[in-house]
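The values are calculated or read from the model by the stated rules, or taken from the named source; none is laboratory data. Model, not experiment: these values are computed from the prediction. Here the Cβ positions follow ideal geometry from the backbone for every residue, glycine too, while neighbour counts run over all protein chains shown. For the accessible areas, the whole protein counts, side chains as well, though only heavy atoms, and no ligand, DNA or RNA atoms are used. Shrake-Rupley method; radii C 1.70, N 1.55, O 1.52, S 1.80 Å.
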Amino acid sequence: MSDLVLTQQRETYFEITLNRPEKRNAINNELYTAFEAAVAEAGRATGVRAVLIRGEGKAFSSGIDVSDFLLLPQKYGPDWQQHGRQITDDFQHVLTRLERLERPTIALLHGHCLGLAMELALACDIRVAATGTKLGLPETRLGLIPDVGGTTRLVRLVGPARAKELIFSGKLIDADLAERWGIVNSVVPGEQLLEKGQELVEEISLAAPLAVGMAKRVIDGLADIDRGLMLEGWAQSQLFSTEDFMEGAQSFLMRRKPDFKGK
């Protein structure tokens, strides 16, 4: 497994750590592939009651490494913009696998949790944030939408109105507001973040594991996630071929304000 994602099986839980601190754990293709392998490893682990996911360094993750867009032609061919559904499906598959783990998943957030990283956190069952954490889905500022379950799962958590406010604007919110909105379960001082996650594992461990797993399946089955993911994929496949997306990506890499034309 790549050292960009570290795994360790503790006595009662399995720990997955994003480990690219020099890039604020920005998610490139190598890290995402390693994360998928870590999720598979967590699914095979025996004797654990939960999975904790955290980030090394100053941030949980700043989201997708936008420079990876430059590598899409290598993976999907020179006409990669015509393969938007396949690109989205490849990304969605990993977080769907995470969401469908039988045991509870707990994301421990600090620093920044943006874009794809927030979509990862939304695919977890429980989110705990350190004081001062900034969260957001800034994809619309790149000419895209949150298409790896972010749109669907955010609506499930906070309802359409607040999801629209966050996604339409692409703005960041702090951990306290995220808690009031129901995006995170609790906010704790940074030095207590891991301890809080461990406390949750201890509480979950008091319940019968088969009952917890079945409860998770029933609760998740109340929302039509599959249809939401399909709609996200359709929308993103349209946006990949727009001038606004190319302008958004270029302006981000050049650190300038985008000039969107609605084309």
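Divide by every residue of the chain the summed helix terms, -39500 (n - 2.57) for each DSSP H run of at least 4, and state the resulting mean residue ellipticity at 222 nm, rounded to the nearest 500 deg cm²/dmol.
Mean residue ellipticity, 222 nm, calculated: -14000 deg cm²/dmol.
At a Förster distance of 51 Å, what's the computed FRET efficiency of Gln8 paired with Ser241, Cβ-Cβ distance as r, to 0.05?
Computed FRET efficiency for Gln8 and Ser241: 0.75.
Go through 108-118, 175-185 and give me the packing order, highest mean Cβ count within 10 Å leading.
Top of the packing list down: 108-118, 175-185.
Averaging sequence separations of C-alpha pairs under 8 Å and six or more residues apart, then dividing by the length of the range 119-242, give the relative contact order as a whole percent.
36 percent
What whole-number value in cubic angstrom gives the convex hull volume per residue for the C-alpha atoms of the chain?
Roughly 122 Å³ of hull volume per residue.
Would you calculate the volume per residue, in Å³, of the smallest convex hull containing every Cα atom of the range 152-263?
Per residue, the Cα convex hull of the range 152-263 comes to 160 Å³.
Thr46 label point, 7 Å along Cα→Cβ, cut-off 17 Å on backbone N: hits in the range 1-24?
9-14
Out of all DSSP beta bridges in the chain, what portion is antiparallel? Express it as a percent rounded to 5.
Approximately 30 percent, going by the DSSP bridge assignments.
Dividing the alpha-carbon radius of gyration of the range 175-220 by 2.2 N^0.38 Å (N being the number of residues), what value is obtained?
1.41
Could you order the peptides 146-157, 218-229, 239-250, 57-68 from most to least packed, using the average number of other C-beta atoms within 10 Å per residue?
Per-residue Cβ counts within 10 Å, averaged per peptide and sorted highest first, yield 146-157, 57-68, 239-250, 218-229.
Using a Cα-Cα cut-off of under 29 Å, which lysines could be cross-linked to Lys58, ignoring same-chain neighbours fewer than 8 residues away?
Lys23, Lys134, Lys164, Lys171, Lys196, Lys257
Using Cα pairs under 8 angstrom and six or more residues apart, how large is the relative contact order of the chain, in percent?
Dividing the mean separation by the residue count of the chain yields 19 percent.
Length gain on complete extension for the stretch Asp176 to Arg100, per 0.36 nm per residue less the alpha carbon to alpha carbon distance?
So the chain would gain 24.6 nm between Asp176 and Arg100.
With every protein chain left in place and a probe of 1.4 Å, what is the accessible surface of Lys75, to the nearest 10 Å²?
120 Å²
With charges only on Cβ, +1 for K and R and -1 for D and E, what is the dipole size of the range 199-254 about its Cα centre, in debye, rounded to 20?
With only Lys, Arg, Asp and Glu charged at Cβ, the dipole is about 260 debye.
Can you give me the convex hull volume of the Cα atoms of the range 147-190, divided per residue and expressed in Å³?
82 Å³
Provide, as a two-decimal number, the C-alpha radius of gyration of the range 76-212 over 2.2 N^0.38 Å, N being how many residues it has.
The value comes to 1.13.
Would you please give the FRET efficiency between Thr131 and Glu30, computed as 1/(1 + (r/R0)^6) with r the Cβ-Cβ distance and R0 = 30 Å, to the nearest 0.05?
0.45
Would you kindly calculate the translational diffusion coefficient of the range 1-120, applying Stokes-Einstein with the Kirkwood radius from alpha carbon pairs, for 10 °C and a viscosity of 1.306 mPa s, and quote it in µm² s⁻¹ without decimals?
So the translational diffusion coefficient is about 107 µm²/s.
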